[in-house]
Amino acid sequence: MSTQIISVLVEDEAGSLTRMSGMFSRRGINIHSLTVSPSEKEGMSRMTIVTTGDEREIEKIEKQLNKLIEVVKVNILDKNTSVVRDLCLLKVYADKENRAEVLEIANAFKSNIVDISIRTITLEITADPLDIDRFVETMKNFGIKELFRTGVTAISRDIEKKSGG
Amino acid sequence: MSEGLKGTEIVVKCLKEENVKNLFGFPGGQLIPLYDELYEETDVRSILVRHEQGAAHAADGYARASGDPGVCMATSGPGATNLITGLLNATMDSIPVVAFTAQVPTKAIGTDAFQEADTFGITMPITKHNFLVKSTDHLSWTIKGAFKIANTGRKGAVVIDLPNDVQQNRSKEYHHGEVKFAGYNPSIVPNPLQLKRIAQKLVEAERPLILAGGGVILANASEDLRLLAEYLGAGVATTLMGKGAIPENHPLSLGMVGMHGRLGANKMINNCDVLLVIGCRFSDRTTGWGLESFAPDAVKIHCDIDSSELNKNISVDFPLVGDANLVIRDLIKFIKKFEDVKKDTNIWRKRVNQLHSMCEECETVKPNGKLTPEIIIKTINNFLDDNAIVTTEVGQNQMFAAHYYITKKPRQFISSGGLGTMGFGFPAAIGAKVAKPDSQVLDIAGDGSFLMVCQELATAMTEDIPVVVGILNNSFLGMVRQWQELFWDKRYAGTKLGTLPDFVKLAESFGAYGERVEKASDIEKALKNAFDSGIVSVLDFKIESETNILPMIPPGGRVDEMIGVGRCRHK
Ligand SMILES: Cc1ncc(C[n+]2csc(CCOP(=O)(O)OP(=O)(O)O)c2C)c(N)n1
Ligand SMILES: [Mg+2]
């Protein structure tokens, strides 16, 4: 069982999100994250779904998605050749004593400070979801007050083919 | 707003363009506009049912018998929710049904208005697709799109939810020509390379077997299926939905496979060396349990119009997407090219013929004076003519019919497969009779099932739809009782029907014909009386209450592990 990223181009119709998520729940498939956003094509949205499954299970999901009338294209993204991003907003406890340490770690993870109060610091990080996992784990040591993640979005890299010679 | 066609005029115009001649419905406040439009309409007959579930099943039966989409309609709220079972029934068996449901006016949606239901949300997981029409401008496009989706690719039910104002407003928008969806383009043309590989495997087979599902019937491919089987010397087994895909009196026909299939058909599944499966989705009722032991030694070929069915339940060696009609036609072409390398299948063919005739001479249908389901159905086999349509309810009655009724042509055995809906057979018979008014139509029913829908006697009387219901009356929810007898220590919890109505008087109270049958020697006369009466009829066959339909694959059993084979000669 491995994590898979599925990118789906869908027509913007009322209910297409419900139809999509309904298919997953009806077939008993877990969704780790689901993001919806406009795409480069007018009247179409892109949904990025993260789920787990072996090759056969993912193939089934792909076929079931393709059956939905609004679904125009389904892509299973290869993690090795895709750029994968998640955005995280995290409010961590940071008082006088550990503030410096929190900032140091925040810096090491290349996260940005977006807000500071007397007792907390709010950080923003956009990165590969695994990096964010590590970031969150580390911050747990200080106590996390609130955590938001947008869910994964991803795009495939254009691999330039070497011209023969 | 005040120009163009009224929404309801658009609906009727579209219905005519889709060649809809009959629809089944039940009115209510929000559906008055559409009913009003149909009031003086002569080209589209609107048949009033007595419960919306009957409308959905009748539309379904109409579609199965005719091959054209069936149409039903219901009002908002409870009308729409009463359609649900019928819609899922159609979708699970891939039957094209288009349902119009009324909805509260667009402005009232979301306010919990009187008789508001989220029909769009409720019907989403049980239909092939559904629409909520928010403007009359979109109406014609939606209706044409709905018919296209229902009746192409893998067929199914489509719902169009019509708010009251959308029915009444006017619009100048009218979509001409075909509706296109960016994401819907069912691939029906089979891949020639894969076809060639499959043809090669088939000619190399010494023990070829074809398993035909409902897809063969839906694709009108039965004639070619028979040719293919004859050419290969292949036995043909079918699923419940595939009954009639090959004439069951054909010597290569092995009958139905699966839980209540024929022992011979099930055994041959595990004896063949190449299994060609067409238009079948490997339901658990077909395969039995332990999927790795389903045709374990055979090269498995699976052709289906729905690619998501390939490798879903069973892994196969050669998957192929395509319409059954094109698949079979092209296979015949390819196979002819390999004529010189074709293996001799004579020994196998003889074995198939032998199994076929053993079932034909089945001891259980020898008359012994007693009124048994087997004798009733054997008599029905002899009585009905070749164009007759048989529908069934669900339970033992259905499996007795599936096991013993000899279906000679496609679209003449109509039964609820995927959903197993009690109460389907009678309204489906009404729909089938509307589609084929010149055919004899008989519902082989159970007492429990018929009671769920007997109010449709009023529909059949009022609308002059003379179908015959033959109740295998065992005073039990027989199939569940059979399971309790065999697997639950005979604890008949909730299955004894207690006081049943007098079905003859029940029929008569509707003005219908009714007759009770208690002796085997009276079956034929009763059938004749019913069909001669010219009105909807109920025959109350009093059978023994604790009779079982055997053999069967017990729960958990493999396809060739049937119990109750005592009376089978080829065990
Ligand atoms: C709507 C519905 N409810 C419950 C069932 C479960 N069920 C399957 S067969 C059966 C018994 C059917 O009884 P009857 O119509 O008398 O037929 P018999 O088996 O006695 O021939 C029941 C309750 C069902 N299939 N459909
Ligand atoms: Mg019964």
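Read-outs: derived from the displayed coordinates by stated rules, not from any lab. Keep in mind the model is a prediction, meaning the values are calculated, not measured. Using ideal geometry, Cβ is built from the backbone for each residue, glycine included, and neighbour counts are taken over all protein chains shown.
What the table below lists for this structure:
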{"item": "Ranked A:M20, B:M256, criterion: other C-beta atoms within 10 Å, fewest first", "result": "A:M20, B:M256"}
{"item": "Rg and Dmax of the stretch A:2-77, Cα atoms only, in Å", "result": "11.4, 33"}
{"item": "Relative contact order [Cα under 8 Å, 6+ residues apart], chain B, whole percent", "result": "14"}
{"item": "Share of Cα-Cα pairs in chain B lying beyond 40 Å, as whole percent", "result": "27"}
{"item": "Cubic angstrom per residue, convex hull over Cα atoms of the stretch B:192-359", "result": "91"}
{"item": "Centroid-to-centroid separation of the stretch B:461-520 and the stretch B:17-96 [C-alpha atoms, Å]", "result": "27"}
{"item": "Helix-only mean residue ellipticity at 222 nm for chain B, each DSSP H run of n ≥ 4 adding -39500 (n - 2.57), per residue, nearest 500", "result": "-11000 deg cm²/dmol"}
{"item": "Among B:539-551, B:433-445, B:113-125, the order from most to least packed when residues are scored by Cβ within 10 Å on average", "result": "B:433-445, B:539-551, B:113-125"}
{"item": "Peptide B:127-140, shielding by other chains (average Cβ, 10 Å cutoff)", "result": "1"}
{"item": "Percentage of interatomic Cα-Cα distances in the stretch B:450-571 larger than 24 Å", "result": "43"}
{"item": "The stretch B:5-171 - Rg over Rh from alpha carbon coordinates, Kirkwood radius", "result": "0.92"}
{"item": "The stretch B:5-171, dipole about Cα centre (Lys/Arg Cβ +1, Asp/Glu Cβ -1), debye to the nearest 20", "result": "420"}
{"item": "P(r) histogram, all alpha-carbon pairs of chain A included - 5 Å bins from 0, percent", "result": "2, 8, 16, 16, 14, 12, 11, 10, 7, 3, 1, 0, 0"}
{"item": "Normalised contact order of the stretch B:500-556, rounded percent, pairs of Cα under 8 Å and 6 or more residues apart", "result": "35"}
{"item": "Overall Cα dimensions of the stretch A:84-165 - principal axes, largest extent first, Å", "result": "63, 23, 19"}
{"item": "Approximate shape of the stretch B:394-465 as ellipsoid semi-axes (Cα gyration tensor, √5λ), whole Å, largest first", "result": "19, 17, 9"}
{"item": "Ranked by how many other beta carbons lie within 10 Å on average, peptides B:478-487, A:56-65, A:30-39 from highest", "result": "B:478-487, A:56-65, A:30-39"}
{"item": "Intensity falloff of the stretch B:365-542 expressed as log10 I(q)/I(0), Debye formula with alpha-carbon point scatterers, at q = 0.12 Å⁻¹", "result": "-0.50"}
{"item": "Number of partner chain Cβ atoms within 10 Å, mean per residue of B:305-312", "result": "4"}
{"item": "Cα coordinate range in the stretch B:305-363, projected on the principal axes (Å, largest first)", "result": "42, 34, 21"}
{"item": "For q = 0.18, 0.25, 0.27, 0.29 Å⁻¹, Debye-computed log10 I/I(0) when each Cα of the stretch B:105-162 counts as one equal scatterer", "result": "-0.65, -1.03, -1.11, -1.17"}
{"item": "Intensity falloff of the stretch B:345-421 expressed as log10 I(q)/I(0), Debye formula with alpha-carbon point scatterers, at q = 0.12, 0.16, 0.27 Å⁻¹", "result": "-0.42, -0.71, -1.24"}
{"item": "Cα-based convex hull volume of the stretch B:41-130 per residue, rounded to whole Å³", "result": "103"}
{"item": "Local electrostatic count at A:E13 - Lys and Arg +1, Asp and Glu -1, tallied over other residues with Cβ under 13 Å", "result": "-1"}
{"item": "Taking N as its residue count, the alpha carbon Rg of the protein assembly as shown over 2.2 N^0.38 Å", "result": "1.09"}
